[in-house]
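Remarks on the structure that follows.
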Amino acid sequence: MSQNITAFVKKTIMACEKLLQAPIKGILLDISGVLKDGSQSIPGSVEAVKSLQSAKIPFRLVTNETSRPIKTILSTLKTLGFEVTEKDLICPVPAVIKILKKDNLRPFLMIHPEVIPDFGDIDTSNPNCVVMGDAAECFHYKFLNECFRKLMGMKNPILFSLGQGKYFRDDDGLALDVGPFCKAIEYATGVKAIVVGKPSPQYFLDAVSELKLQPNEVVMIGDDVVSDVGGAQNCGLRGVLVRTGKYMRETDEPHKSVVPDGIVDNLQEAVNLILKRNS
């Protein structure tokens, strides 16, 4: 075993001890890669969520999903057996809509067509900002170039990125997320994106606030070692990495800058550890 891996194992053991020693009063869960992969639930995840509900441990589903409306996300989860409601979801679209209304902003929407109806009461005439989400197959040159031109033509350009993930796991394998396309626009325009979604500290803290808890009482469980785990740790939460979803052994464990507070095979293992610790 190399020195780097040995050191990482020691750090992870110490982190896991910290995870189990401190109070765990609430949980934040990623959806893609933790509850499901594409249109399939991950084995044990439905049972894990039911266990949290039975134990009355409050949780929120904190996602960067922006390629489908909230109602569709909920419908998919319920079809897979997850008994959750809209109040359980923390999504970037409602968060950015709140900002747009508060600051009287008119966005050019670089988002998936299915999500456009969610912005139905937002004025999009004469845009003074850009909102970029996961547009999937709509991320083509014409659309990207139009976004570029809109920003270059604004006196005070504002770019919102709904999350900043690099990639995620879909039904047919790994797929590019919004992050790489956002970085291209940032590079071309010189405009730094305001991230609404993970790993934005405010996004995590808003979710913690909904639980009416303190950051050090909450654990984030995700498959993205940077956005989920590192992002949560940066604002005082604990972060647990699951070996499901887009987890990749060669890049995530050990990671060059993030040491998770725990690494588990799947959500069910994480929940079992937490319930055992709280018993």
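A few comments on the model shown:
- The residue that is farthest from Asp172 (Cα to Cα), counting only those in region 236-255 that are open to solvent by less than 20 Å² (accessible area, probe 1.4 Å) and without any contact (Cβ under 8 Å) to a residue 40 or more places away in the chain, is Gly239.
- Within region 31-59, residues that are in a strand (DSSP E or B) have Cβ atoms under 8 Å from residues that are among the hydrophobic types (A, V, I, L, M, F, W, C) and open to solvent by less than 10 Å² (accessible area, probe 1.4 Å) in these pairs: Lys36/Leu77; Ser41/Leu35; Ser41/Phe82; Phe59/Ile27; Phe59/Leu28; Phe59/Leu29; Phe59/Val49; Phe59/Leu52, counting only partners at least 6 apart in sequence or on another chain.
- Where Arg60 falls short, out of the listed (1) at pLDDT below 95; (2) crowded, with 18+ Cβ neighbours inside 10 Å; (3) of a type in the set (Lys, Arg): (1)
- Of Val226, Val219, all but one fail to be among the β-branched types (Val, Ile, Thr), modelled with pLDDT of 95 or more and under 21 Å from Leu35 (Cβ atoms); the exception is Val219.
- Checked against (1) open to solvent by less than 20 Å² (accessible area, probe 1.4 Å); (2) free of Cβ contacts under 8 Å to residues at least 12 places away in the same chain, Tyr203 passes all but condition (2).
- Residue list for region 101-119, filter: surrounded by 13 or more Cβ atoms within 10 Å (Cβ to Cβ) and among the basic types (Lys, Arg): Arg106
- Apart from one condition, Glu65 fits all of (1) farther than 18 Å from Phe204 by Cα; (2) at pLDDT below 95; (3) assigned to a loop (DSSP other than H, G, I, E, B); the exception is (1).
- Filter pass, Leu162 being in contact with a Gly (Cβ under 8 Å, 6 or more places away or on another chain) and of a type outside the set (Ser, Thr, Tyr): yes
- Only one entry in Asp134, Asp123 is closer than 23 Å to Gln202 by Cβ and either among the hydroxyl-bearing types (Ser, Thr, Tyr) or in a loop (DSSP other than H, G, I, E, B) (or both), namely Asp134.
- For region 120-146, the candidate set comprises residues that are of a type in the set (Gly, Ala, Ser) and touching a residue at least 24 places away in the same chain (Cβ under 8 Å); within that set, the residue that is surrounded by the most Cβ atoms within 10 Å (Cβ to Cβ) is Gly133.
- The C-beta contact set for region 185-197 (first residue more than 20 Å from Ala232 (Cα to Cα), second residue open to solvent by 30 Å² or more (accessible area, probe 1.4 Å) and part of a loop (DSSP other than H, G, I, E, B), distance under 9 angstrom, 6+ apart or interchain) comprises Glu186/Lys192; Thr189/Pro157; Gly190/Pro157; Val191/Pro157; Val191/Ile158.
- Ala95 vs. criteria modelled with pLDDT under 95 and within 19 Å of the chain's Cα centre (by Cα): no
- Note on region 79-96: residues that are open to solvent by less than 20 Å² (accessible area, probe 1.4 Å), farther than 14 Å from Pro58 by Cα and out of contact with any Gly (no Cβ under 7 Å at 6 or more places or on another chain) amount to 4.
- Matching option when the condition is among the β-branched types (Val, Ile, Thr), surrounded by fewer than 24 Cβ atoms within 10 Å (Cβ to Cβ) and farther than 18 Å from Pro23 by Cβ, among Val264, Val225: Val264
- Verdict on Ser209 being of a type in the set (Gly, Ala, Ser), open to solvent by 50 Å² or more (accessible area, probe 1.4 Å) and within 30 Å of Leu275 (Cβ to Cβ): yes
The values are calculated or read from the model by the stated rules, or taken from the named source; none is laboratory data. Please read these numbers as outputs of a predicted model, since none were measured by experiment. Here Cβ is always computed from backbone atoms with ideal geometry, including for glycine, and neighbour counts include all displayed protein chains. Surface areas here come from the heavy atoms of the whole protein model, side chains and all, with no ligands, DNA or RNA. Shrake-Rupley method; radii C 1.70, N 1.55, O 1.52, S 1.80 Å.
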